[in-house]
Amino acid sequence: MTSSDIGDTNDTFRQESQELLEELERVLLDLEHRPTDGDLIDCAFRALHTLKGSGAMFGFDRLAAFTHHVETAFDRVRKGEIKATADLIELTLAAKDRMRLLIEAPDEVDEASGEQVLARLQDVVAGASTDAAPADVAPAEGRPATWRVCFRLPVGAMSSGSNPLLMIEELHDLGEATVVAQTDSIPPLDELDPGECYVGWDVQLRTTASRETIEQVFLFLLDDMELSIERLEAPADAGYAEGGPLEESDDVPVVAEAPSVQPPPAEAAALQDEPAQKSSAAPSPEQTPRAASAGAKSGGSVRVPAERLDEMMDRVGELVIAQSRLKQLTKASEESQIKSVVEEIERLAGELQDITMGVRMVAIGTLFGRFRRLVHDISNDLGKEIELVTEGEETELDKTMIERLADPLVHLIRNSSDHGLETPTGRAEAGKPAKGRITLTARHAGAEVLISVRDDGRGLDRERIQARAEDNGLIAPGAKPADQDLFKLIFEPGFSTAKEVTNLSGRGVGMDVVKRTIDELRGAIDVRSQTGEGSEVTLRLPLTLAIIDGLLVRVGRSRYVIPLSAVEECVELTPEADVRSTGRSFLNIRDELVPFIRLRELFRSQVGSDPFQKVVIVSAGGARVGLVVDQVLGDHQTVIKSLSKLHSDVKSFSGATILGDGTVALILDVPQLVEDGQAHDDRFKAAS
Amino acid sequence: MQTNMLDEPLEVLTLALQGEIFALEAQQVREILDLVPVTEVPGAQPFVDKIINVRGKVVPVADLRLKFGMEQAEDTVDTRIVVIELDIDRMSAIVGIRADKVYEVTELAPSSLAAVPRVGMRWRPEYIRFIGKRDDDFIVVPDIARILSPNAIDLVAEQASLDRKSASVALAGG
Amino acid sequence: MKTVLSVDDSASVRQMVQLTLQGAGYQVIQANDGADGLAKAKSTQVDMVVTDLNMPVMNGLSLIQALRKLPDYRGVPIIFLTTESDAGVKQQAKAAGATGWITKPFQKDQLVAVVKKVLGS
């Protein structure tokens with residue numbers, strides 16, 4: 001926590017206590033009229049309780065000490081031991097005033113008046129409370145010794161969140177530990193409750209830590225568990241228990257030992273005092289290293305409002321543009337000093353860009369995690385056992401994209417659960433394991449992110465989809481589209497082939513929303529299915545980082561940007577090759593036929609082509625296409641600006657960018673162009 | 001889908017397109033730019049196939065003359081791009097409207113429908129947002145959102161067929 | 001990154017817990033009473049819960065009981081904050097299913113120590 005953080009929390013405390021004091025006053029005044037109102041009394045108590053607790057935590061010791069007495073009085077009222085008399089209320093109001101002073105200007109408050117109030121309070125309450133300050137129990141640290149620690153968790157400990165492995169780790173942290181598991185109490189499989197811990201442990205520990213420190217490891221279960229801590233005079237020999245029964249140690253199991261660790265404030269003190277230990281010769285246990293590392297890591301993480309991040313990204317983007325313009329302007333200059341500064345700025349802008357790019361990226365695991373609960377609920381609703389497996393949680397996507405993918409993925413998971421996975425009987429008949437499996441994977445591939453939802457259900461029903469598509473007029477009757485094209489039709493509006501509309505899906509509403517969202521994200525959907533084995537829907541999304549590396553090209557008089565991550569290579573298109581490939585759709589690139597697109601034709605450029613054109617070979621989703629351009633102009637730091645809604649029908653571009661001279665250049669949508677290229681390919685293949 | 005008559009004064013920016021005067025709601029207007037270099041967008045609809053850079057934002061430029069079936073004269077020194085912000089299909093959009101000339105911000109007064117002459121109105125009532133009066137003239141405030149919406153029908157073709165149907169185009173829900 | 005749900009009606013305690021645990025590498029979600037905490041725990045699966053006992057609407061004890069009824073929260077560590085030296089309260093909370101406790105007032109490193117104890121890093 002930085003000092004400003006501390007300042008912040010102090011401010012918050014002040015503000016909060018202000019509110020609490022005001023509330024306390026209100027409640028007390030109400031209480032005057034309704035002195036037996038339980039709610040009011042509870043309210044007052046809680047306010048005092050919170051003020052005391054927070055006060056102590058933020059260093060307002062006098063407030064805490066003072067409030068404690070008032071709180072004790074109200075506790076007794078709460079318990080019904082005394083009544084909320086007018087005197088008491090009066091006094092409490094006075095106390096409240098004092099509390100306020102203790103917060104606002106503690107230095108100006110004198111003790112005497114406080115004592116007076118408390119004395120009168122005591123009179124009214126007729127019984128002072130005792131509160132011993134936490135006793136400092138300092139366990140002796142000293143020479144290394146060998147201990148034998150045998151323990152076994154009580155029934156239900158694991159369900160209540162205890163983790164014996166962490167305890168063992170803590171023992172390891174104390175020194176050298178040899179751990180042997182005691183498996184004798186593990187019941188046969190059909191009696192085994194997987195949420196229970198039947199294993200006990202026998203640990204030999206060589207450490208400088210004291211017995212109390214060792215006990216602290218088991219702090220929360222001391223009262224309920226089996227624990228024996230025995231100091232050994234010599235290191236254990238080979239006869240050390242290996243699967244043998246827990247031996248009775250000389251020390252009585254801890255139920256009786258517990259009192260030696262009381263009073264309870266000592267526990268807090270015990271946890272508290274380790275960092276204060278300066279006298280121990282040997283390295284002290286977990287606390288100091290942990291305190292140190294907690295301090296070192298105090299840079300941790302910071303919460304930032306999303307808008308501020310977006311603003312920052314915008315500024316960086318503009319900086320990159322301005323910097324690139326500056327570079328252009330100084331290109332002609334002879335001034336070496338200016339040029340070197342410009343280069344420096346370019347380097348800094350680049351680094352800043354790299355850093356901020358990382359800021360917007362979020363691992364998709366955050367999204368996947370939410371689906372566990374979803375699958376669990378669906379599983380219950382449908383009466384099907386469904387298991388969710390995820391891969392690639394660390395795959396990073398732009399923050400805004402992750403949010404928009406949530407709904408489509410939910411739809412796909414529901415669809416797979418509802419229609420893809422068979423009922424338990426169905427699965428049994430098909431010889432499949434009872435648990436249906438839905439696998440969510442995410443990975444990067446070139447300039448795209450692939451996210452897929454796969455199920456091991458019955459697969460898509462080709463005939464039904466074909467029939468439905470014909471009914472809806474999406475394909476001509478009798479047409480034989482390829483599987484993947486046919487399956488894609490399930491995303492058309494109103495398509496649902498579900499025989500019944502279940503609560504979850506079947507209204508044909510979900511899938512076209514999926515398509516629409518993916519379209520808006522300028523992505524694509526692929527569907528694969530194997531009858532009887534399952535189906536897989538893959539979402540292909542562009543990596544729309546706000547700033548990418550681009551290749552600037554010229555087609556006719558216009559300039560365009562191609563995302564560099566999609567570019568495989570650039571080759572020359574000699575005039576002869578150009579002529580040879582006129583009227584054809586393929587280029588021979590090192591003996592491989594690559595479909596190509598003349599961008600001049602696609603973009604209806606009026607200008608005649610250059611004699612030496614270039615072919616930029618790009619790839620997406622494993623397929624390639626060559627884009628014929630007039631000139632390759634070079635690398636360009638591309639700040640992606642999205643296109644207006646009015647251009648949502650424009651297919652070939654995924655966005656736009658501002659060039660160094662202030663004009664706009666469109667960014668080519670590589671996956672779309674690759675798809676177009678493939679369409680040529682298919683037609684060609686179909687024709688031949 | 002009635003054409004709305006103004007029932008209270010409306011602040012507008014008046015501009016000219018091919019000799020005709022139109023108006024845009026002043027509260028939609030963000031800024032007025034001189035002509036700047038434009039980039040063509042291959043594959044976009046003809047009336048909105050240009051984009052410009054407005055302080056780092058990529059803004060499409062709409063040429064309403066194409067939507068109104070007007071001729072497209074060359075740009076002049078008076079040509080301006082009026083950048084407006086409005087809701088199209090329930091989403092906020094920024095668009096530049098190309099104008100031959102921009103006049104001024106003025107107030108349109110309410111007027112009754114009956115008083116509006118039928119002559120000279122070339123488009124469907126749906127694409128008129130308001131008709132108001134300034135001095136003795138009636139000025140149309142077109143419904144830009146509807147005109148530019150991807151769902152808008154082709155006004156020119158519509159117009160041709162409307163002309164064929166009847167000589168007088170009724171304004172009041174025709 | 002592990003997520004901790006911090007349930008306390010005191011904003012300053014919540015803030016302190018948040019800053020402390022975030023500094024130690026955990027993600028923190030806040031709730032300001034038991035009912036809020038339960039709702040948040042249901043909507044986001046967290047790795048651990050730290051809760052005060054004395055809260056309006058739904059107190060800590062009821063929250064612990066309610067959480068332990070959820071199958072997703074079986075085995076998730078729940079720590080409660082208490083100023084009571086009264087062993088009775090501790091027993092009650094443990095019976096309700098709490099994993100452990102921290103006594104108030106507590107220092108930041110105590111909080112981190114307890115979280116690491118029951119959750120690992």
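Just so it is clear, none of the values below were taken in a lab; they were calculated from the coordinates. Keep in mind the model is a prediction, meaning the values are calculated, not measured. Reconstructed Cβ throughout: ideal geometry from the backbone, glycine too, with neighbour counts over all protein chains shown.
Backbone phi angles across the stretch B:21-35, fed through the Karplus curve with coefficients 6.51, -1.76 and 1.60 (θ = phi - 60°), yield HN-Hα couplings of 9, 10, 9, 10, 4, 4, 6, 8, 6, 9, 6, 10, 10, 6, 5 Hz in residue order; Gly and Pro are listed as x. Once backbone amide H atoms are built at 1.01 Å from N, C:Thr3 has C:Gln27, C:Asp47, C:Met48 as its partners under 5 Å, excluding neighbours fewer than 5 places away on the same chain. Under 18 Å from a label point 7 Å along Cα→Cβ of A:Glu22: give me every residue in the stretch C:1-32 with its amide N that close. Within reach of a label on A:Glu22, which here means backbone N under 18 Å from a point 7 Å along Cα→Cβ, the stretch C:1-32 contributes C:10-12.
Compute the Cα gyration tensor for the stretch C:1-63, then decide on rounded, prolate or oblate, letting a ≥ b ≥ c be the square roots of its eigenvalues: rounded whenever a/c is under 1.5, prolate when a/b is larger than b/c in the other cases, and oblate in all that remain.
Numbers: a/c = 2.41, a/b = 1.36, b/c = 1.77.
Oblate, because a/c is 1.5 or more while a/b does not exceed b/c.
An ellipsoid equivalent to the stretch B:1-62, defined through the eigenvalues of its Cα gyration tensor, has semi-axes of 27, 15, 12 Å when rounded to whole angstrom and sorted largest first. Each of A:Lys645, B:Lys101, A:Lys83 was scored by other Cβ atoms within 10 Å of its Cβ. Arranged with the fewest first, they read A:Lys83, B:Lys101, A:Lys645. Of all the options C:Gly88, C:Gly100, C:Gly34, the one that moves most in a Gaussian network model of chain C with Cα springs shorter than 10 angstrom is C:Gly88.
The HN-Hα couplings worked out from phi for the stretch C:36-51 by the Karplus form 6.51 cos²θ - 1.76 cosθ + 1.60 (θ = phi - 60°) are 4, x, 4, 4, 5, 5, 6, 7, 10, 6, 9, 8, 6, 10, 10, 9 Hz, whole numbers, x standing for Gly and Pro.
How do A:Glu396, A:Glu334, A:Glu533 line up, fewest other C-beta atoms within 10 Å first? Spell out each step's value before the answer.
Values: A:Glu396 18, A:Glu334 7, A:Glu533 14.
Ordered from fewest to most neighbouring Cβ atoms within 10 Å, A:Glu396, A:Glu334, A:Glu533 come out as A:Glu334, A:Glu533, A:Glu396.
Using 0.36 nm per residue and subtracting the Cα-Cα separation, the extra length available between A:Glu335 and A:Asp223 on full extension is 32.3 nm.
Close amide H partners of A:Met158, meaning residues 5 or more places away or on another chain with modelled amide H under 5 Å apart, are A:Cys197. Under the definition of Cα pairs under 8 Å and six or more residues apart, what whole-number percent is the relative contact order of the stretch A:328-437? In percent, rounded to a whole number, it is 28. Structure note, pairs A:Lys488/A:Lys651; C:Lys90/C:Lys116; A:Lys399/A:Lys435; A:Lys327/A:Lys399; B:Lys101/B:Lys133; C:Lys69/C:Lys116: Cα-Cα distances above 22 angstrom occur for A:Lys399/A:Lys435; A:Lys327/A:Lys399; C:Lys69/C:Lys116. Per residue of peptide C:1-14, the mean number of Cβ atoms on other chains within 10 Å of the residue Cβ is 4.
Take the Cα of B:Ala16, step 7 Å toward its Cβ, do the same at A:Glu429, and the gap between the two points is 7.9 nm.
So, R0 is 45 Å and r is the distance between the beta-carbons of A:Ala94 and C:Gln91; what FRET efficiency does that work out to, to 0.05?
Numbers: r = 37 Å, r/R0 = 0.82.
Using R0 = 45 Å, I get an efficiency of 0.75.
Report the paramagnetic label zone for A:Asp461: residues of the stretch A:422-441 whose backbone N is under 16 Å from a point 7 Å from Cα along the Cα-to-Cβ axis. Taking a point 7 Å out along Cα→Cβ of A:Asp461, the residues of the stretch A:422-441 whose backbone N falls under 16 Å are A:422-423, A:426-427. Counting Cβ atoms of other protein chains within 10 Å of each residue's Cβ and taking the mean over peptide A:656-662 gives 3. The amide H of A:Ile640, built 1.01 Å from its N in the peptide plane, has A:Ile547, A:Ile548 as neighbours under 5 Å, considering only residues 5 or more places off or on other chains.
The label-point distance for A:Lys399 and A:Arg14, in a model that sets each label 7 Å from Cα toward Cβ, rounds to 3.1 nm.
The peptide list A:25-32, C:4-11, A:59-66, put in order of mean Cβ contacts within 10 Å with the highest first, becomes C:4-11, A:59-66, A:25-32.
Averaged over peptide A:22-32, the number of partner chain Cβ atoms lying within 10 Å of each residue's Cβ comes to 0. Each of A:Asp354 and A:Phe612 was given a label point 7 Å from its Cα along the Cα-to-Cβ line. The distance between the two points is 3.4 nm.
For trypsin sites (Lys or Arg not before Pro), the sites in the stretch A:363-467 that DSSP calls loop and that have at most 15 other Cβ atoms within 10 Å are A:Lys435.
With neighbour counts taken as other beta-carbon atoms within 10 Å, the residues A:Ser605, A:Ser416, A:Ser185 rank, fewest first, as A:Ser185, A:Ser605, A:Ser416. Derived scalar couplings between HN and Hα for the stretch A:24-37 equal 4, 4, 4, 4, 5, 5, 4, 5, 4, 7, 10, x, 9, 5 Hz in order, rounded to whole Hz, by the Karplus curve 6.51 cos²θ - 1.76 cosθ + 1.60 (θ = phi - 60°), x for Gly and Pro. Normalised by residue number, the volume inside the convex hull of the Cα atoms of the stretch A:33-84 is 62 Å³ per residue.
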